[in-house]
Amino acid sequence: MTDNLIRFTRGVPANESFSVELLSSFASEAIKKYSPSVLQYADARGFPPLRELLAKENRVTHERIILGQGSLHLLDIITQIVTKPGDLIFTENPSYDRALTIMKRRGCRLTGIPLEADGLGVNKVEERLKLGDRPKFFYIIPDFQNPSGSVLSMEKRKTVLKLAAKYAFLIIEDSPYYRLRYRGESIPSLFDLAPDRVLHMSSYSKLISPGLRVGYVIAPATMADPIAKWAEDTYINNSYINHAIAFEFQISGSLEKQICFLKELYLPRLDAMLNALDRSLKTCSTWTAPDGGFFIGVTLSRNIKADDLLTQAQKAGLQLTDGRNFFTDGSGDRFVRLPFCALTSAEITEGILRLSKVINQIC
Ligand SMILES: Cc1ncc(COP(=O)(O)O)c(C=O)c1O
């Protein structure tokens, strides 16, 4: 094995993206400015000034905003509240592996709707509904999806919302990459299009730092109280200090500057990945080129076993995530998720070269 292992495994922000000095000063500021409330036990919904800010931004009442220990924890709570074991959930196929784990752990049945270049296959959704499937919710990552990078088109957003209204199911929109568009125009979120039918989740993890563990949900009015009660009975409240740091970061104007900085940092890495894929993997795979986010999902056109790919890649100095983890039905042998934000352009180019050699060697 080569000593300089390249890790195409974790969808994390680049270490060099963290504004260490600013965060240190906001941490100190937050404790001084908001003590004793940030040092005390508090309401489970989270630090009120940040909830009010998010409510104003999203044109909802602050009662509908609940801050969580990251957004993933909120998804766990919501899954516990909305479903019981045996219930059906629709997801995209592939989808975010940890979200799938949460739903499987609850004992839910998952129907994965295949992804197309412009997002989930809405015809398949309608087919399943006409056959009588009634999901408790549809978990969708419409923007720069984890793991594929795909974006749900405007037309499909409208179609899926119409289906949700017709067949009365809730949509959970998980959108932590929405602001990380490096080129092109943003599309309105599902929540923007149907604020009462969609439960919207997002997070400061990819924008400021996952170490803060600050995420949030905009819940339908009827669900906010049960979520808050579950949260209170589980952990009382999350860290108000961290909420206050995120709040100060945002109201000082640093968040907008940070997002501009992230776009400048990540766009060349996205292009390095796209160029390397074009050079080395064009003959044996397909992918959808995203304009933002953290990932490109590659589907290999040759028959391959995930175990062989992972083992041979490791020997060639390349760490890959098992593609099967992202699928609801055990498929995914030929799927490779390639995160590009936390690697330099040189590492990306070298990593893709190693990947193409491994594929050519085992197929
Ligand atoms: C789609 C999606 N949702 C949620 C999360 C977790 O976010 P958080 O750090 O806010 O828990 C991730 C992290 O990779 C993600 O890709």
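Of 79, 91, 61, which residue is among the hydroxyl-bearing types (Ser, Thr, Tyr) and surrounded by fewer than 16 Cβ atoms within 10 Å (Cβ to Cβ)? Give the steps one after another, and end with the answer.
Details: 79 fails: surrounded by fewer than 16 Cβ atoms within 10 Å (Cβ to Cβ); 91 fails: surrounded by fewer than 16 Cβ atoms within 10 Å (Cβ to Cβ).
Answer to the selection: 61.
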For segment 148-162, does any single residue satisfy the condition of being under 25 Å from residue 10 (Cβ atoms) and open to solvent by 10 Å² or more (accessible area, probe 1.4 Å)? yes
Based on what the data block shows, is residue 184 surrounded by fewer than 16 Cβ atoms within 10 Å (Cβ to Cβ) and touching a residue at least 60 places away in the same chain (Cβ under 8 Å)? yes
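Output the residues belonging to segment 305-336 that are part of a loop (DSSP other than H, G, I, E, B) and hydrophobic (A, V, I, L, M, F, W, C).
Of all residues in segment 305-336, those part of a loop (DSSP other than H, G, I, E, B) come to 305, 316-317, 321-322, 327-334.
316, 327 - these are the residues of segment 305-336 that are part of a loop (DSSP other than H, G, I, E, B) and hydrophobic (A, V, I, L, M, F, W, C).
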With the requirement that a residue be within 17 Å of residue 328 (Cβ to Cβ) and either open to solvent by 40 Å² or more (accessible area, probe 1.4 Å) or aromatic (Phe, Trp, Tyr) (or both), what does segment 116-130 give you? 116, 124, 127, 128
Breaking point among (1) farther than 14 Å from residue 141 by Cα; (2) away from the ligand (no atom under 14 Å from the Cβ), for residue 116: (1)
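If you go through segment 28-55, how many residues are of a type in the set (Lys, Arg) and over 23 Å from the mean Cα position of the chain (by Cα)?
Here is the first cut: in segment 28-55, the ones of a type in the set (Lys, Arg) are 32-33, 45, 51.
Adding the requirement that they be over 23 Å from the mean Cα position of the chain (by Cα) leaves 32-33.
Of the residues in segment 28-55, 2 are of a type in the set (Lys, Arg) and over 23 Å from the mean Cα position of the chain (by Cα).
Assess whether residue 151 counts as being of a type in the set (Val, Ile, Thr) and part of a loop (DSSP other than H, G, I, E, B). Give the derivation first.
Numbers: of a type in the set (Val, Ile, Thr): yes; part of a loop (DSSP other than H, G, I, E, B): yes.
Spelling it out, residue 151 is indeed of a type in the set (Val, Ile, Thr) and part of a loop (DSSP other than H, G, I, E, B).
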Scan segment 98-107 and give yes if some residue there is open to solvent by less than 10 Å² (accessible area, probe 1.4 Å), polar (S, T, N, Q) and within 16 Å of the ligand (Cβ to nearest atom), otherwise no. no
Conditions (1) in a loop (DSSP other than H, G, I, E, B); (2) charged (D, E, K, R); (3) under 22 Å from residue 146 (Cα atoms) -> residue 302 fails only (3)
Out of (1) open to solvent by 10 Å² or more (accessible area, probe 1.4 Å); (2) at pLDDT 95 or above, what's the single condition that is false for residue 295? (1)
Could you go through segment 239-247 and let me know if any residue there is at pLDDT 95 or above, over 16 Å from residue 47 (Cα atoms) and either open to solvent by 50 Å² or more (accessible area, probe 1.4 Å) or under 22 Å from the mean Cα position of the chain (by Cα) (or both). no
Tally the residues that are in contact with a strand residue (DSSP E or B) (Cβ under 8 Å, 6 or more places away or on another chain) and open to solvent by 20 Å² or more (accessible area, probe 1.4 Å), restricting the search to segment 211-238. 4
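The values are calculated or read from the model by the stated rules, or taken from the named source; none is laboratory data. Everything quoted here is computed from the prediction, not taken from an experiment. Quick reminder, even Gly has a Cβ in these numbers, built from the backbone with ideal geometry, and neighbours come from all protein chains shown. Ligands, DNA and RNA are stripped out before the accessible areas are found, and what is left, the full protein with its side chains, is counted by its heavy atoms. Shrake-Rupley method; radii C 1.70, N 1.55, O 1.52, S 1.80 Å.
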